[in-house]
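Participant: Okay, handing you the structure first.
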Amino acid sequence: MRMQNRKSPAVFLIAVLALLFLAWIIRTQFQSSGTKSPASSEVAQPHVGPPDIYPDPARTPGAVNPQITQENIRDTICNPRWSTKSIRPEESYTHRLKVEQIGEYGYSDSRLKDYEEDHFIPLELGGNPTDPKNLWPEPFETSIADGGAHAKDKVENYLRAEVCSGSLTLEQAQHEIAEDWYRVYTQSVPH
């Protein structure tokens, strides 16, 4: 009988330690998968702008063009003779996609002229020209005056200038615009 009593506290202690270890593993896995941005290993921050100025991250997370890299930016996006026209998809492709995506996004306004089929990661920052995960019907008018396509265009130009001056890497600029283009607009873009 005495032997059995000695084993009970040891078995109990091992069981408690095993449960604590299991709880720690589950907690660490949940935190790492739930708080990180899919595009980076940094902790995701909430957007500073209202939801209607951003694409749906499930539909349009952004995609990069593998043909534009940090190593060739002097020959591509930073070359004054290079133009996004050389890689921009045909209007027939983006028009069809805009019609489809306006429906998918569930926008109440379905007038095509009220949207720009925009590259979330812009072509001038090495965004993929044809991947639907990088294209979305961006409204010209949003719930805030400076949250539409024209304001995002200013961010695209600003970040391209930063990349070409060497202040940011291409990857940093792509990350900044995809993480929160409006944060860049409010904190860095002169206006």
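The values are calculated or read from the model by the stated rules, or taken from the named source; none is laboratory data. Remember, it's a predicted structure, so these values are computed and weren't measured experimentally. When we count neighbours, we look across all protein chains shown, and the Cβ atoms used for this are built from the backbone with ideal geometry, even at glycine. These accessible areas exclude ligands, DNA and RNA; they are computed on the full protein's heavy atoms, side chains included. Shrake-Rupley method; radii C 1.70, N 1.55, O 1.52, S 1.80 Å.
Participant: Before we move on, is Ile68 in contact with a Lys or Arg (Cβ under 7 Å, 6 or more places away or on another chain), assigned to a loop (DSSP other than H, G, I, E, B) and either at pLDDT 95 or above or open to solvent by less than 50 Å² (accessible area, probe 1.4 Å) (or both)?
Facilitator: When the stated conditions are applied, Ile68 does not pass them.
Participant: Another question, if that's okay. What residue, among those in the range 71-82 that are within 24 Å of the chain's Cα centre (by Cα) and either among the hydrophobic types (A, V, I, L, M, F, W, C) or under 17 Å from Thr130 (Cβ atoms) (or both), is surrounded by the fewest Cβ atoms within 10 Å (Cβ to Cβ)?
Facilitator: By that ranking, first place goes to Cys78.
Participant: Residues Glu117, Glu104, Glu90: which one is over 27 Å from Ser165 (Cα atoms), touching a helix residue (DSSP H, G or I) at 6+ places or on another chain (Cβ under 6 Å) and among the charged types (D, E, K, R)?
Facilitator: Being over 27 Å from Ser165 (Cα atoms), touching a helix residue (DSSP H, G or I) at 6+ places or on another chain (Cβ under 6 Å) and among the charged types (D, E, K, R) holds for just one of Glu117, Glu104, Glu90, which is Glu117.
Participant: Sort out which residues of the range 146-159 are loosely packed, with under 15 Cβ neighbours inside 10 Å and modelled with pLDDT under 95, and write them in order of number.
Facilitator: Once the filter is applied, which keeps residues that are loosely packed, with under 15 Cβ neighbours inside 10 Å and modelled with pLDDT under 95, the range 146-159 yields only His150.
Participant: Do we find a residue being in a loop (DSSP other than H, G, I, E, B) and open to solvent by 30 Å² or more (accessible area, probe 1.4 Å) anywhere in the range 169-186?
Facilitator: Looking for residues that are in a loop (DSSP other than H, G, I, E, B) and open to solvent by 30 Å² or more (accessible area, probe 1.4 Å), one finds at least one in the range 169-186, hence yes.
Participant: Looking at the range 104-121, is at least one residue in a loop (DSSP other than H, G, I, E, B) and surrounded by 22 or more Cβ atoms within 10 Å (Cβ to Cβ)?
Facilitator: Within the range 104-121, one or more residues are in a loop (DSSP other than H, G, I, E, B) and surrounded by 22 or more Cβ atoms within 10 Å (Cβ to Cβ).
Participant: Can you find, within the range 125-152, the residue that is farthest from Pro57 (Cα to Cα) among those that are touching an Asp or Glu at 6+ places or on another chain (Cβ under 8 Å) and part of a strand (DSSP E or B)?
Facilitator: Pro139
Participant: May I pose another question? Read through the list (1) open to solvent by less than 50 Å² (accessible area, probe 1.4 Å); (2) modelled with pLDDT of 95 or more, then give the number of the only condition that Ser40 fails.
Facilitator: (2)
Participant: Identify the residue in the range 84-93 that is of a type in the set (Ser, Thr, Tyr) and surrounded by 12 or more Cβ atoms within 10 Å (Cβ to Cβ) and, among all such residues, is nearest to Pro137 (Cα to Cα).
Facilitator: Per the criteria, the residue is Tyr93.
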